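A short reminder: the numbers here are calculations on the coordinates, not readings from a lab. This structure is a prediction, so every number in the text was calculated from the model and none was measured. Ideal geometry is used to build each Cβ from the backbone, glycine not excepted, and the neighbour counts take in all protein chains shown.
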Amino acid sequence: MNKALNGKIALVTGAGSGIGHASALAFARAGATVVVSDMLLERCEAVVSEITREGGSASARQCDVRDPRQIDALFQTVLESYGQLDCAFNNAGVGGPITPLAEYPDDAWSEVIGTNLASVFHCMKHEIRQMVKQGAGSIVNCASVTGLNGMRGMPVYSAAKHGILGLTKSAALDYAQQGVRINAVCPGVIHTPAVDQWIEKDPDGARQFMREMTAREPIGRLGTPDEVASAVVWLCSPGASFMIGHGLAVDGGYTAQ
């Protein structure tokens, strides 16, 4: 993967932490110039500084993907600055509450669907239009193992991630012959800073959940953001040139059971 994306422009949403942060670094290490986007500009700038310290190239763009107008502005500035977009990782998302459907708050439904699913739809419209114009490009959407299977207590998150896979597969078929490859990654339980924050807020509940999830992982541990990032960058690389409309499980064997 070393320098497999030289000369490419890559966009990562939700790049301020976790999987997005790791993916921005991985794109830069593969030679791409990275547009680092997050709703908090200071997070973007911190990731850009990390990339430039390693000798890579990146720029920061603030964007709250819940707002289609901000998405419009993001893509306008990206194309004005670079004139192209070769790789995109639609990663921004939220977890939402863990609760059965009948007790699920209406405002949480709007938040989770808007952030996790509607934002991917709006970003893909811009990405596809530019990549079709170029005649080439690769999009990776961040789904989840809960997009492949259901999970107790996560009905809306699961619905959003199933929706992402539906968008991915259908759009991949629409644009495969126009040079645009569209795929998704489906991470299992990944040890991110968000997990650490959850443990701080609810030590007993979070640790119990993590113990249960670890016990269900055939590999015997949780995944890391870097492991997902490697899959994302590979899906955007020439090595994945025959990958179309696929939801790639990066889950330690969780869905193989």
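In the chain, which whole DSSP H runs stretch at least 24 Å along their own axis (Cα) and average -1.0 or higher on the Kyte-Doolittle scale?
Taking the DSSP H segments of the chain (at least 24 Å long, mean hydropathy at least -1.0), we get 155-175.
Evaluate the relative contact order of the chain (contact order divided by residue number), counting alpha-carbon pairs under 8 angstrom at least 6 apart; express in whole percent.
Relative contact order, the chain: 19 percent.
If packing is taken as the average count of other Cβ atoms within 10 Å, what order do 15-26, 156-167 fall into, highest mean first?
With the highest mean Cβ count within 10 Å placed first, the list reads 15-26, 156-167.
If amide hydrogens are placed 1.01 Å from N in the peptide plane, which non-local residues have theirs closer than 5 Å to the one on A15?
Under 5 Å from the amide H of A15 lie the amide H atoms of S37, D38, each far enough along the sequence or on another chain.
222 nm [θ] for the chain, helices only, -39500 (n - 2.57) per DSSP H run of 4+, per residue, to 500? List each step's numbers first, then the result.
On the way: 9 runs with 120 residues, N = 257.
Theoretical 222 nm ellipticity from helices: -15000 deg cm²/dmol.
Rounded, prolate or oblate for the range 120-203? Axes are the square roots of the Cα gyration tensor eigenvalues, ordered a ≥ b ≥ c, and the cut-off for rounded is a/c under 1.5. Display every interim value, and only then the final one.
Working: a/c = 3.15, a/b = 2.15, b/c = 1.46.
Verdict is prolate for the range 120-203.
Students often check this: by mean Cβ neighbours within 10 Å, which of 169-178, 4-13, 137-146 ranks highest, and how do the rest follow?
By packing density, highest mean first, the sequence is 137-146, 4-13, 169-178.
Can you give me the relative contact order of the range 145-241 as a percent, contacts being Cα pairs under 8 Å and 6 or more apart?
Numbers: 67 pairs, mean separation 21.8, N = 97.
For the range 145-241, the relative contact order is 22 percent.
Round to the nearest 0.05 the FRET efficiency obtained for A73 and E200 when R0 = 35 Å and r is the Cβ-Cβ distance.
Working: r = 34 Å, r/R0 = 0.97.
Computed FRET efficiency for A73 and E200: 0.55.
Roughly what would the spin-label model give for L173 and Y82, points 7 Å off Cα along C-beta, in nm?
3.0 nm
List the cysteines in the chain whose Cβ has no other cysteine Cβ under 4.7 Å from it.
Isolated Cys, the chain: C44, C63, C123, C142, C186.
Given the convex hull of the Cα atoms of the range 19-171, what is a quarter of its surface area in nm²?
Seen from a random direction, the Cα hull of the range 19-171 projects 9.4 nm² on average.
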